[in-house]
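Enquirer: Just passing along the structure, written as structure tokens.
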Amino acid sequence: MEAIHDIACVILAGGRGKRMASSDLHKVCFPIVGRPAIVRSIETYKAAGLRRFLVVVGQMAEQVIATISAAHPEVTFVFQAEPLGTGHAATIAADALASQADVRAALITMGDKITRPEIVRTLIERYRRSLADVVMSTLPKTPTSTAGRVVRDSDGQVLGVVEKADIDRLRKRKEKIHLAGQDFSAAGVEKNSNSVNASLYLFRFDRLREALGRIHSNNAQGELYLTDTIGLLAGDGRVETMLVDDPSDLMAYNTPDELVAIEEVIRQREAPPRVKAAGRKTLTPHVLKTAGQWRRILSGNDAKFLAELRRTYGRDETLLAERKKELRQLVKAFIQRFGKDREIILCRAPGRVNLMGRHVDHRGGYVNVMAISKEVLLAAAPRGDDLVHLEHVDSDRFATREFRIANLLREASWSDWIDFVDSQTVRLVQSTSRGDWSHYARAPLLRLQHECRDVRMHGMDCMVTGNIPMGAGLSSSSALVVAFAEAAVALNGLNVAMRDFVDLCGEGEWFVGSRGGSADHAAIRTGKIGSVSRIGFYPFRMEGEVKLPASLRVVIAYSGSMAVKSAGAKDTYNQRVASYNLAQWYFTKHWPLAAGAEHLRDLVPDKLKASTAEVYRAIKRLPENPTRAQLRKLFPQDDQARLEQIFSSHADIGPYDLRGVTLYGLGEILRSRGFANLLKKRNIPRIGEFFRLSHDGDRCFTTAQDGTQTEFTISTEDKELERLAKKRVSLANQPGRYACSTANVDALVDLANRTPGVIGAQLAGAGLGGCIMILARAGKLDGLMETLRRDFYQPRELPFGAFVCTPVAGAGLLRA
């Protein structure tokens, strides 16, 4: 990191911190995971590029100086003889710095602040760009916030900061406070403040000294407040704010309990990396063989390999013969391109169906998934460099590709994966080769390399094949991601826990532009033969499997139109995800019960310990279908940077259906939570109802028996939400409005639902085309298939596109 010499870092550590309840240890000297808090803080500022430090000391000064000097001997100190407030301490520091002509700015913070280098760098960058007199950090205001309120006018401009003690005095005395020409009561301060001061500031040094000379102690605590400089600079200068969305990015402590909470955050942050190098020794001769050896095994009747296939696919001899034949073709193609003497691994990754829990894994919901017998197959040979060479058996559709793993990552120091995938570098790659199949190989390899930067990953020569229909909603793209992640982990000797593997695959797929969760990757990696897996998220957890009843079958039927995420549909997908994010963010500001919610799943009634009616009435608070322009007006100036980051994931395709998407999400979260129990109890009628409700949440059209279609609508107007609240209708019975279906998908679902023996039908993937899944009775399959052929595929002159799914084992390496 480039050193910054024109900014002095001033740390105020004069107060002792009485609430820490220690008579012999200063507040800033308390250890956090083995190192004094103040030492950690200075390390953070150094990592951000700062090199000049001045610490204001007072009570227990010798201890503070000794603690800091032992780790950072270059730091200088100035003494505050009396604790007259933060403004007084800042004045002492400013006077000490005044003789240093090259100080252009002062970053001022408190000794108990714990942050990250990225936050400090962002503050510095914001200051450099804005040319403001001060840029101050803020945090979202919550019902329990005790920090000073950042008061704004109707245009979102900062007027000043009012401390909590002064708000209490205003309320008690029924007085008003004067800020930048306006008077505010205690209630007025709270009404015009949605953020609080986070006590990390960057001042223009000359303006700081001028403002400090004008502050006074006429306040509830009789002290000189540093925060009073904000109001003064707002009156005759320019004040900018930087909202820190995640409170764990900028923390402080006043009590031992708060220190313990910070320690837990730091422990998690400094936990061992999710990806470790384990060495090539993890590959045994059962897995790594020459291509020639694999060819001989696949051409014969090796008993051990047949047992492996049965553990993977079951005992359907037709399926086993089909899979063995495709593996032979894969190895043959590899030998033709790379030779028979190269050592290779054979990796498989199946497609998946999610019987319940669509669009909610990234909201903390459940998925109820099974891996299916359509799959991606990969033959991969290790290389000594980081080149990845890709060939496909179907070379007419999938051209040869090459890339180096480190190329994109070395262009800049990407500290955060989301910063990397949001970067201009990645956007250029996406725009110039949109939809290219190689992105799904590059995505997991880049994510793994980003996670284990101390290990240089090696590349591989690959031959790929597969029979998962593209754009069918069966996760062909995620199967590619998982297959290449499995190969990379094996060939590079990496050690990755299951939950981390799944999360990294999900995050890796952000590289292609979509912002979904990791449900598909979890299903592909963890599938069990004949079973439906119940998987939860945040944290990722396997919660067991339920056998699919022998009397039921899952049929997949293609709608006739593909859903290709990389070719443009991602804007719609990402806009729906943005609607979730905007709604939950709005809730935290306008619904006190939602203030501490981390995920949408935390807003269901039993989690909130609230009534269903309260949730419906909270949804009424959301704006109806706001546009981007309206959202920019709804959120204050302090929130605009975060708002634009949300917008940046997708093109402006129209209003955001916050109410409909939220209602769908809450309903689907409850349905996904209860589905496995319904399956276990064989409650077939309720399972059918869940299928109908889930699809109606994505539905766009209703199809009559004669084939005519009418637009499908779900009301989320105030009157309807109030009706639902009064009747206390279960949220699980609400479809909401996610609206990612199509006319063909809806027609196919409606046809299936009218067919004898069908329990229920619904969209099979993320939507906008692809397949549907049909849960049907085994004895009625012939009639179902004939109905689909006669009434859907033939009239549209489409090839027959329905097949029965066989639940198979999850992804992995084949052994022999």
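Enquirer: Being under 24 Å from residue 743 (Cβ atoms) and surrounded by fewer than 23 Cβ atoms within 10 Å (Cβ to Cβ) is true for just one of 708, 716. Which residue is that?
Expert: 708
Enquirer: Just wondering, is there one or more residues in segment 274-291 that are under 30 Å from residue 180 (Cβ atoms), surrounded by 13 or more Cβ atoms within 10 Å (Cβ to Cβ) and at pLDDT 90 or above?
Expert: Within segment 274-291 (the criterion being under 30 Å from residue 180 (Cβ atoms), surrounded by 13 or more Cβ atoms within 10 Å (Cβ to Cβ) and at pLDDT 90 or above), the answer is no, since none of the residues qualifies.
Enquirer: Strands (runs of 3 or more DSSP E) wholly in segment 1-106 with at least 3 residues that are touching a strand residue (DSSP E or B) at 6+ places or on another chain (Cβ under 7 Å) and of a type outside the set (Phe, Trp, Tyr) - which ones?
Expert: Filter on segment 1-106 gives 4-13, 50-57.
Enquirer: Okay, next question. Quick check, is residue 445 in contact with a strand residue (DSSP E or B) (Cβ under 7 Å, 6 or more places away or on another chain), assigned to a helix (DSSP H, G or I) and open to solvent by 20 Å² or more (accessible area, probe 1.4 Å)?
Expert: no
Enquirer: Mind listing just one residue for me: the one in segment 1-51 that is in contact with a helix residue (DSSP H, G or I) (Cβ under 8 Å, 6 or more places away or on another chain) and over 17 Å from residue 112 (Cα atoms) and, of those, most open to solvent (accessible area, probe 1.4 Å)?
Expert: 1
Enquirer: Quick check on my filter: what residues within segment 95-119 are closer than 18 Å to residue 47 by Cβ and open to solvent by 40 Å² or more (accessible area, probe 1.4 Å)?
Expert: Selection gives 116, 118.
Enquirer: Within segment 132-158, which residues are over 18 Å from residue 251 (Cβ atoms) and touching an Asp or Glu at 6+ places or on another chain (Cβ under 6 Å)?
Expert: 132, 135
Enquirer: Of 747, 764, 752, 816, which residue is among the aliphatic types (A, V, I, L, M), modelled with pLDDT under 95 and closer than 26 Å to residue 477 by Cβ?
Expert: The match here is 764.
Enquirer: Going through segment 371-394 one residue at a time, which ones are under 30 Å from residue 805 (Cβ atoms), modelled with pLDDT under 95 and open to solvent by 20 Å² or more (accessible area, probe 1.4 Å)?
Expert: The answer is 374, and nothing else.
Enquirer: Do we find a residue being among the β-branched types (Val, Ile, Thr), more than 29 Å from residue 774 (Cβ to Cβ) and either within 21 Å of the chain's Cα centre (by Cα) or assigned to a loop (DSSP other than H, G, I, E, B) (or both) anywhere in segment 534-557?
Expert: Checked against the condition, which is being among the β-branched types (Val, Ile, Thr), more than 29 Å from residue 774 (Cβ to Cβ) and either within 21 Å of the chain's Cα centre (by Cα) or assigned to a loop (DSSP other than H, G, I, E, B) (or both), segment 534-557 yields no hits at all.
Enquirer: Also, quick follow-up: From (1) modelled with pLDDT of 95 or more; (2) β-branched (Val, Ile, Thr); (3) more than 19 Å from residue 241 (Cβ to Cβ), pick out the condition that doesn't hold for residue 108.
Expert: Of the numbered conditions (1) modelled with pLDDT of 95 or more; (2) β-branched (Val, Ile, Thr); (3) more than 19 Å from residue 241 (Cβ to Cβ), the odd one out for residue 108 is (3).
Enquirer: Given the options 745, 808, 749, name the one that is closer than 22 Å to residue 579 by Cβ, touching a residue at least 24 places away in the same chain (Cβ under 8 Å) and open to solvent by less than 10 Å² (accessible area, probe 1.4 Å).
Expert: None of the other options fit; the residue is 745.
Enquirer: Further, regarding this structure: Restricting the first residue to segment 256-275 and requiring it to be farther than 24 Å from residue 452 by Cα, which pairs with a second residue that is modelled with pLDDT under 85 and surrounded by 17 or more Cβ atoms within 10 Å (Cβ to Cβ) meet a Cβ separation below 9 Å and a spacing of at least six or different chains?
Expert: 256/20; 259/20
Enquirer: Follow-up question, since we're still on this one. Give the residues of segment 400-414 that are at pLDDT below 65 and either in contact with a Leu (Cβ under 8 Å, 6 or more places away or on another chain) or within 15 Å of residue 448 (Cα to Cα) (or both), sorted by residue number.
Expert: 414
Rundown of residues vs (1) assigned to a helix (DSSP H, G or I); (2) of a type outside the set (D, E, K, R), yes/no style:
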residue: 471; (1), (2): no, yes
residue: 479; (1), (2): yes, yes
residue: 486; (1), (2): yes, no
residue: 500; (1), (2): yes, no
residue: 506; (1), (2): yes, yes
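Enquirer: Could you count how many residues in segment 772-805 are touching a helix residue (DSSP H, G or I) at 6+ places or on another chain (Cβ under 6 Å) and buried (at least 19 other Cβ atoms within 10 Å of the Cβ)?
Expert: The qualifying residues number 5.
Enquirer: Related question: Going through segment 321-354 one residue at a time, which ones are open to solvent by less than 60 Å² (accessible area, probe 1.4 Å), farther than 21 Å from residue 526 by Cα and charged (D, E, K, R)?
Expert: 324, 326
Enquirer: Report yes if residue 508 is open to solvent by less than 10 Å² (accessible area, probe 1.4 Å), modelled with pLDDT of 85 or more and over 26 Å from residue 363 (Cα atoms), otherwise no.
Expert: no
Enquirer: Considering only segment 516-538, how many residues are basic (Lys, Arg), more than 16 Å from residue 363 (Cα to Cα) and in contact with a strand residue (DSSP E or B) (Cβ under 6 Å, 6 or more places away or on another chain)?
Expert: Count: 1.
Enquirer: Would you tally the residues in segment 164-210 being in contact (Cβ under 8 Å) with a residue 60 or more places away in the chain, of a type in the set (A, V, I, L, M) and in a helix (DSSP H, G or I)?
Expert: Of the residues in segment 164-210, 1 are in contact (Cβ under 8 Å) with a residue 60 or more places away in the chain, of a type in the set (A, V, I, L, M) and in a helix (DSSP H, G or I).
Enquirer: Residue 766: more than 18 Å from residue 709 (Cβ to Cβ), over 33 Å from the mean Cα position of the chain (by Cα), of a type in the set (A, V, I, L, M) and buried (at least 22 other Cβ atoms within 10 Å of the Cβ), yes or no?
Expert: Spelling it out, it is not the case that residue 766 is more than 18 Å from residue 709 (Cβ to Cβ), over 33 Å from the mean Cα position of the chain (by Cα), of a type in the set (A, V, I, L, M) and buried (at least 22 other Cβ atoms within 10 Å of the Cβ).
Enquirer: Keeping to segment 641-669, report how many residues are open to solvent by less than 30 Å² (accessible area, probe 1.4 Å) and assigned to a helix (DSSP H, G or I).
Expert: Number satisfying all stated conditions: 15.
Enquirer: Out of all the residues in segment 304-320, is one or more part of a helix (DSSP H, G or I), in contact with a helix residue (DSSP H, G or I) (Cβ under 6 Å, 6 or more places away or on another chain), open to solvent by 70 Å² or more (accessible area, probe 1.4 Å) and among the basic types (Lys, Arg)?
Expert: No; the residues of segment 304-320 include none that is part of a helix (DSSP H, G or I), in contact with a helix residue (DSSP H, G or I) (Cβ under 6 Å, 6 or more places away or on another chain), open to solvent by 70 Å² or more (accessible area, probe 1.4 Å) and among the basic types (Lys, Arg).
Enquirer: Is it the case that some residue within segment 401-412 is open to solvent by 30 Å² or more (accessible area, probe 1.4 Å), in a loop (DSSP other than H, G, I, E, B) and closer than 24 Å to residue 291 by Cα?
Expert: no
Enquirer: Condition check: acidic (Asp, Glu), surrounded by fewer than 21 Cβ atoms within 10 Å (Cβ to Cβ) and assigned to a loop (DSSP other than H, G, I, E, B). Does residue 240 satisfy that?
Expert: no
Enquirer: Another one. Within the group 426, 464, 455, which residue is at pLDDT 80 or above, surrounded by 15 or more Cβ atoms within 10 Å (Cβ to Cβ) and in a helix (DSSP H, G or I)?
Expert: The unique qualifying residue is 426.
Enquirer: Go through segment 586-596 and count every residue that is open to solvent by 20 Å² or more (accessible area, probe 1.4 Å), at pLDDT 85 or above and of a type in the set (Gly, Ala, Ser).
Expert: 0
Enquirer: Inside segment 598-620, can you point out the residues that are out of contact with any Lys or Arg (no Cβ under 8 Å at 6 or more places or on another chain), open to solvent by 10 Å² or more (accessible area, probe 1.4 Å) and outside any helix (DSSP H, G or I)?
Expert: 598, 609, 610
The values are calculated or read from the model by the stated rules, or taken from the named source; none is laboratory data. All values derive from a computational prediction rather than experimental measurement. Cβ sites come from the backbone with ideal geometry, for glycine too, and all protein chains shown count toward neighbours. Please note that ligands, DNA and RNA were not included when accessible areas were found on the heavy atoms of the full protein model with its side chains. Shrake-Rupley method; radii C 1.70, N 1.55, O 1.52, S 1.80 Å.
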